[in-house]
1. Please sort by residue number the trypsin sites (Lys or Arg not before Pro) in the range 248-346 whose DSSP state is loop and whose Cβ has at most 11 other Cβ atoms within 10 Å.
2. Quote the FRET efficiency, to the nearest 0.05, computed for ASN342 versus ARG371 with a Förster distance R0 of 60 Å and r equal to the Cβ-Cβ distance.
3. Does anything in the range 205-230 have its amide N under 17 Å from the 7 Å Cα→Cβ label point of ALA196, and if so which residues?
4. For a Förster distance of 35 Å, can you work out the FRET efficiency between the beta-carbons of ILE401 and LEU212, rounded to the nearest 0.05?
5. Tell me, THR124, THR405 in order of fewest to most beta-carbon neighbours within 10 Å?
6. Counting other beta carbons within 10 Å of each Cβ, put TYR282, TYR186 in order, fewest first.
7. What ranking of SER154, SER128, SER334 emerges when the number of other C-beta atoms within 10 Å of each C-beta is taken as an exposure proxy, fewest first?
Amino acid sequence: MQERGHGTWGRSAEKNEVAAEEPVDSIIINYNSTNLHIHPWCFAAHPLSVPVPLPPDAPRSRHQWCFNMLFSRMTSAIVGLCLLFPRSVVAAAAAAAIDGDGTVTLEQGAPALPSCARRCLDATIAQSGCALPDLGCLCNDTMLADVADVCIASSCTVKENLTAKNITSHLCGLPVETDDTLIPIYAVFIGLAAVAVVLRVVARAVLTQAPLWWDDWANLLGFVCAAIYTGMTIKAIELGQGKDMWFVPFDHVTSVVKVFFVDMVLYTIGRFFFRASILLFYLRIFPPTNNKTIGRLLIGTMVFNAVYNLSFMLAIIFQCRPLTYFWTQWEGRSEGHCGSYNKLAWAAAGTGIAFDMLMLGLPLSQLLALRLPWRKKIMGSLMFFFGVGVMIVSLIRVKTINEFTQTVNPTST
């Protein structure tokens, strides 16, 4: 697996595996005996690039072709030039890309690489045992990559760093990794949730002919939050979530982080309503008139649920000052400060698991006290133990907190 982060020189997954399949209908960039293939349409399709004559057999929709190529699993060499370059860089690359015989040298394409990154790579390559045209050596030399990473991190801006990483990743034939299974998974689970909610409403309104009670309404509101959350997450995946950020257009990176911010708030609100629905259901089964102790416990737990989720929602919203710094800090240009998201996530996970254990324990004590045959008590207990599955998922998620909250590659998670 390739390293994920703000590294600069792309490296292949296996030793001596360098280039992806050569694309067809491409410009040939020749340096000595090395041929690199670049689709010329990408240079002309970028909205900031200078006009470039297209070959007769070029597709009609150039911009759409380049956009689709960026988001495919295996992209052709240096397709990141289409979307990630500033005006001057793209203009220089485009002007040099088309020659009378359709070929240019690697030196002519060098302006496509940020000057700060080019200086670092020139210096590190000169000190290594690799020659510039030998991509096999360059892509697999981990020491060269580490030295170049340190140099570029200290010499370039974040966007220049990402642009360099985009170019070198394509030069080395690294795939644009993305998980195509995420959208179907989200769609299936929100579909199952919708079926469960509809069946619950039908059972109340048709079978029992009883009006919806507070627990039903809380469940409906929780589902609305979950549906909006799912829709926004799918949109974020379409924008580039799940890919390394150097393969994602810069404005899309900001949009993905914004969606993540809103999703955290929606998750907290939805969690409040779902837990309130369960507690209100308990209150309907075990009314305070029959048992004042359990009634007080349930009411106290509901109050805690409201205060707990409100506190975390406010902590999420105001963890950065100014608020917009949450989705602009990745650029490394804006000024601001954020609290420790890692500590916030650990606090939420720990208290959440403890709260789930409390919610499981509340009905079991009452169920065991009922005058029912042991067989029915066991069956009733098993129904409540379905909540154990939620706790297991929460425990599994704990293992990923540090990796998730401390990443420097926000679109990859």
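Only the coordinates and a few stated rules stand behind these numbers; no lab work does. Small disclaimer: the values here were computed from a predicted structure and weren't measured. FYI the Cβ positions are ideal-geometry reconstructions off the backbone, even for glycines, and counts take in every protein chain you see.
1. Counting only loop positions with at most 11 other Cβ atoms within 10 Å, the trypsin sites (Lys or Arg not before Pro) in the range 248-346 are ARG333.
2. Once rounded, the FRET efficiency stands at 0.75.
3. 215-230
4. So the FRET efficiency works out to roughly 0.40.
5. THR405, THR124
6. Lowest count first: TYR186, TYR282.
7. The fewest-first ordering by Cβ neighbours comes to SER154, SER334, SER128.
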